Amino acid sequence: MKKKVTKLPKVANKEEIAKIKELFLKHYPDSVTELNYNNLYELIVSVMLSAQCTDKRVNIITPALFEKYPSTKELAKANLDEVKELIKSCSFFNNKAKNLIKMAQAVEKDYSGEIPLEQKELVKLAGVGQKTANVVLIEYTGANLMAVDTHVYRVAHRLGLSRAKNVKDTEADLVKKFKDNLHLLHQAMVLFGRYRCKAINPECDDCFLKDYCKSKDGFKAG
């Protein structure tokens with residue numbers, strides 16, 4: 001009995017990678033987050049809330065949250081139930097409420113009320129993993145970093161930029177292959193995945209990356 005061989009997705013070659021990069025930068029030259037924020041505090045809170053939640057929903061939630069807690073100083077002293085009430089329409093609001101308060105308390109206690117702008121320090125904060133830290137640094141400082149959410153993961157695999165089975169290794173693949181302009185490429189891939197290369201019913205017919213898509217060869221990254 002023959003052993004079944006799993007067909008691996010095709011991988012983009014150097015020329016294709018260069019063209020994919022060029023086209024992303026051409027179509028999304030000034031891409032930024034769709035989260036609404038006015039300062040670093042509002043940005044990190046919004047990014048924390050956006051995990052497995054839409055930016056649109058986060059933007060609905062945050063005005064009242066920021067009005068009541070305009071900085072880490074106020075949020076550090078917040079009542080947990082009151083924070084939960086304000087963000088209850090957000091996914092996983094119970095854990096997020098706890099982490100928001102703990103994050104604010106740590107900023108006040110360990111960083112004198114100043115949110116750190118180093119990845120190794122950001123990830124020490126409750127609710128801030130590598131992806132959240134990278135998104136904050138990408139958006140706020142233009143850091144040459146890549147962050148992989150569900151959209152970036154899907155797009156990377158459909159275009160043959162990665163075969164990795166987790167976001168950490170997918171991030172490493174993208175950093176290695178793109179090298180620079182990562183802050184723009186990250187957000188370009190987010191927007192491309194959110195509005196065109198969607199998980200269900202992707203808009204393929206007039207896609208500017210159609211010639212480089214590998215999913216049409218039998219591989220589909222949901």
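Under a Cβ-only charge scheme (Lys and Arg +1, Asp and Glu -1), can you give me the dipole magnitude of region 40-141 about the Cα centre, in debye to the nearest 20? Provide the component values of the computation, followed by the final result.
Working: 14 positive and 13 negative charges, 73 e Å.
Dipole magnitude for region 40-141 comes out near 340 debye.
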With +1 on the Cβ of every Lys and Arg and -1 on the Cβ of every Asp and Glu, the dipole magnitude of the chain about its Cα centre, in debye rounded to the nearest 20, is 1480
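Just order 16-23, 149-156 by mean Cβ neighbour count inside 10 Å, highest at the front, would you?
On the way: 16-23: 17.0, 149-156: 21.9.
Listed from highest to lowest mean packing, they are 149-156, 16-23.
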Given 182-192, 24-34, the highest-first ranking by average Cβ count within 10 Å works out to 182-192, 24-34
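Could you tell me the relative contact order of region 1-150? Use alpha-carbon pairs under 8 Å, at least six residues apart, and round to a whole percent. Walk me through the numbers before you get to the answer.
On the way: 137 pairs, mean separation 27.5, N = 150.
It comes to 18 percent, rounded to a whole number.
Arrange the peptides 117-129, 167-179, 202-214 so that the one whose residues have, on average, the most other Cβ atoms within 10 Å appears first.
In descending order of packing, they fall as 167-179, 117-129, 202-214.
With the Cα gyration tensor of the chain giving a ≥ b ≥ c as the square roots of its eigenvalues, does the rule (a/c under 1.5 for rounded; else a/b larger than b/c for prolate; else oblate) give rounded, prolate or oblate? Show your work: numbers first, answer last.
Working: a/c = 2.14, a/b = 1.99, b/c = 1.07.
Since a/c reaches 1.5 and a/b is larger than b/c, the shape of the chain is classed as prolate.
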Rounded to whole angstroms and listed largest first, the alpha-carbon spread of region 40-141 along its three principal axes comes to 31, 27, 20
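If the limit is 28 Å between Cα atoms, which of Lys68/Lys124; Lys84/Lys109; Lys165/Lys198; Lys84/Lys198; Lys19/Lys131; Lys102/Lys177 go over it? It would help to have the intermediate numbers written out before the result.
On the way: Lys68/Lys124 25 Å; Lys84/Lys109 23 Å; Lys165/Lys198 19 Å; Lys84/Lys198 31 Å; Lys19/Lys131 26 Å; Lys102/Lys177 36 Å.
Exceeds cut-off: Lys84/Lys198; Lys102/Lys177.
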For the chain, the charge dipole (Cβ of Lys, Arg +1; Cβ of Asp, Glu -1; about the Cα centre) points to a positive end, and the Cα of Phe192, Leu125, Ser50 closest to that extreme belongs to Phe192
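No value in this document is a laboratory result; all are computed from the given coordinates. As the structure is a computational prediction, the values presented were derived from the model and not from experiment. We place every Cβ from the backbone using ideal geometry, glycine too, and count neighbours over all the protein chains shown.
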